[in-house]
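Trainee: My questions will all concern the structure given below.
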Amino acid sequence: GQQVMQIPQYQHVQEGEDFTTYCNSSTTLSNIQWYKQRPGGHPVFLIQLVKSGEVKKQKRLTFQFGEAKKNSSLHITATQTTDVGTYFCAGISGTYKYIFGTGTRLKVLA
Amino acid sequence: KAGVTQTPRYLIKTRGQQVTLSCSPISGHRSVSWYQQTPGQGLQFLFEYFSETQRNKGNFPGRFSGRQFSNSRSEMNVSTLELGDSALYLCASSLRDRGIGELFFGEGSRLTVL
């Protein structure tokens with residue numbers, strides 16, 4: 001079945017360093033969404049990408065959708081302690097199922 | 001505007017029992033989906049309902065079922081509980097269906113099966 005892999009699984013960075021998580025789908029996606037889950041919390045929507053090659057920015061966060069619509073990335077510039085949490089991508093297939101990646105758990109060391 | 005409400009927040013059951021979890025979506029949202037979250041497997045899609053109809057179903061055994069009522073509230077039921085069913089069950093509602101709407105998650109129902 002359709003799978004969405006996300007790497008790395010864990011990432012520890014010093015505050016101020018950059019961070020990137022990658023999402024790869026086994027099939028072409030209709031669109032992709034990114035969510036952030038703080039420790040003990042629930043996933044919260046960050047952004048949606050729809051077009052091939054799309055790039056969107058939210059302050060220090062940059063999201064990209066691959067040309068083939070099978071991969072995506074989230075890059076955080078100059079991490080802060082408030083960035084701590086698990087970042088999930090969710091690929092939406094042609095059958096409109098949300099297939100979540102395994103998540104990348106980010107720890108930021110002050 | 002109230003968010004997605006899930007009840008109960010925590011529950012403990014024993015193997016063989018059954019459990020019913022409830023989800024009240026954001027007012028006006030007609031799409032409700034359910035996910036199982038475990039440390040090893042991440043977020044696994046269970047099913048999605050829209051206007052009382054099951055639109056999509058994940059790869060879970062028939063012990064997992066759900067339904068949606070006319071007011072968009074949804075319930076999921078797990079029968080004959082197994083130890084491996086211990087997880088956080090998250091409900092999410094969306095204003096738009098067909099995978100183009102952002103998901104608003106509830107706080108989840110944490111189920112422990114002993």
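The values are calculated or read from the model by the stated rules, or taken from the named source; none is laboratory data. Being a predicted model, the structure only gives us computed values, none of them experimental. Positions of Cβ are generated from backbone atoms using ideal geometry, with glycine treated the same way; all protein chains shown enter the neighbour counts. For the accessible areas, the whole protein counts, side chains as well, though only heavy atoms, and no ligand, DNA or RNA atoms are used. Shrake-Rupley method; radii C 1.70, N 1.55, O 1.52, S 1.80 Å.
Trainee: Would you work out the relative contact order for segment A:1-56, in percent, from Cα pairs under 8 angstrom that are 6 or more residues apart?
Mentor: Values: 54 pairs, mean separation 14.9, N = 56.
This gives 27 percent for segment A:1-56.
Trainee: Sticking with this one: Alpha carbon centre of segment B:60-90 versus segment A:25-67: separation in Å?
Mentor: 27 Å
Trainee: Here is a further query. Just want the answer: with Cβ charges of +1 for Lys and Arg and -1 for Asp and Glu, which residue in A:L109, A:I99, A:H12 is farthest toward the dipole's positive end in chain A?
Mentor: Comparing the listed Cα positions along the dipole, A:I99 ranks first.
Trainee: Work through the residues other than B:E52 whose Cβ is under 10 Å from its Cβ and net out their charges, Lys, Arg +1 and Asp, Glu -1. Show your work: numbers first, answer last.
Mentor: On the way: positive: B:R30, B:R67; negative: none.
Local charge sum for B:E52: +2.
Trainee: Can you give the accessible area of B:S86, probe radius 1.4 Å, in Å² rounded to 10?
Mentor: Per-residue accessible area (B:S86): approximately 40 Å².
Trainee: Taking 7 Å along the Cα-to-C-beta vector as the label spot, tell me the A:D18-B:S79 distance in nanometres, rounded to one decimal.
Mentor: 5.4 nm
Trainee: For chain A, modelled as a GNM with alpha-carbon contacts under 10 angstrom, which of A:K70, A:K57, A:K36 fluctuates the most?
Mentor: Top of the fluctuation ranking is A:K57.
Trainee: For the modelled label position 7 Å from the Cα of B:Q17 along Cα-to-Cβ, which residues of segment B:43-86 have backbone nitrogen atoms closer than 11 Å?
Mentor: B:81
Trainee: Here's a follow-up. Picking from A:Y96, A:Y35, A:Y22, which is most flexible by a Gaussian network model of chain A using Cα springs under 10 Å?
Mentor: Among A:Y96, A:Y35, A:Y22, the largest GNM mean-square fluctuation belongs to A:Y96.
Trainee: Next up: Taking beta carbons within 10 Å but only from partner chains, what does the mean come to for residues A:89-98? Walk me through the numbers before you get to the answer.
Mentor: Working: counts 0, 6, 1, 4, 2, 1, 4, 9, 9, 11.
Mean inter-chain Cβ contacts per residue within 10 Å come to 5.
Trainee: If I take every Cα pair under 8 Å that is 6 or more residues apart in chain A, average their sequence separation and divide by the length, what percent do I get for the relative contact order?
Mentor: Values: 293 pairs, mean separation 40.9, N = 110.
The value is 37 percent.
Trainee: Using a Gaussian network model of chain A with C-alpha springs under 10 Å, which one of A:L74, A:L46, A:L29 is most mobile by mean-square fluctuation?
Mentor: Ranking A:L74, A:L46, A:L29 by mean-square fluctuation puts A:L46 first.
Trainee: How charged is the neighbourhood of A:F100? Take every other residue with its Cβ under 15 Å from the Cβ of A:F100, and add Lys/Arg as +1 and Asp/Glu as -1. The partial results should precede the final answer.
Mentor: On the way: positive: A:K36, A:K97, A:R105; negative: B:E48, B:E102.
Combined, the nearby Lys, Arg, Asp and Glu give +1.
Trainee: Multiply the residue separation of A:T81 and A:V44 by 0.36 nm, subtract the distance between their alpha-carbon atoms, and state the gained length in nm to one decimal. Each step should come with its number before you reach the end.
Mentor: Values: separation 37, 0.36 × 37 = 13.32 nm, distance 1.73 nm.
Computed gain between A:T81 and A:V44 is 11.6 nm.
Trainee: Oh, and also: Please give the charge dipole size of chain B, origin at the Cα centre, charges +1 on K and R Cβ atoms and -1 on D and E Cβ atoms. Round to the nearest 20 debye.
Mentor: Details: 13 positive and 8 negative charges, 21 e Å.
Around 100 debye, computed over chain B.
Trainee: Something else: Which one of B:L90, B:S31, B:T14 is farthest out on the positive end of the charge dipole of chain B, using unit charges on Cβ (Lys, Arg +1; Asp, Glu -1) and the Cα centre as origin?
Mentor: Of the listed residues, the answer is B:S31.
Trainee: Continuing with this model, one more query. Sequence gap at least 6, Cα distance under 8 Å: using those rules, report the relative contact order of segment B:38-114 to the nearest whole percent.
Mentor: Working: 107 pairs, mean separation 16.8, N = 77.
It comes to 22 percent, rounded to a whole number.
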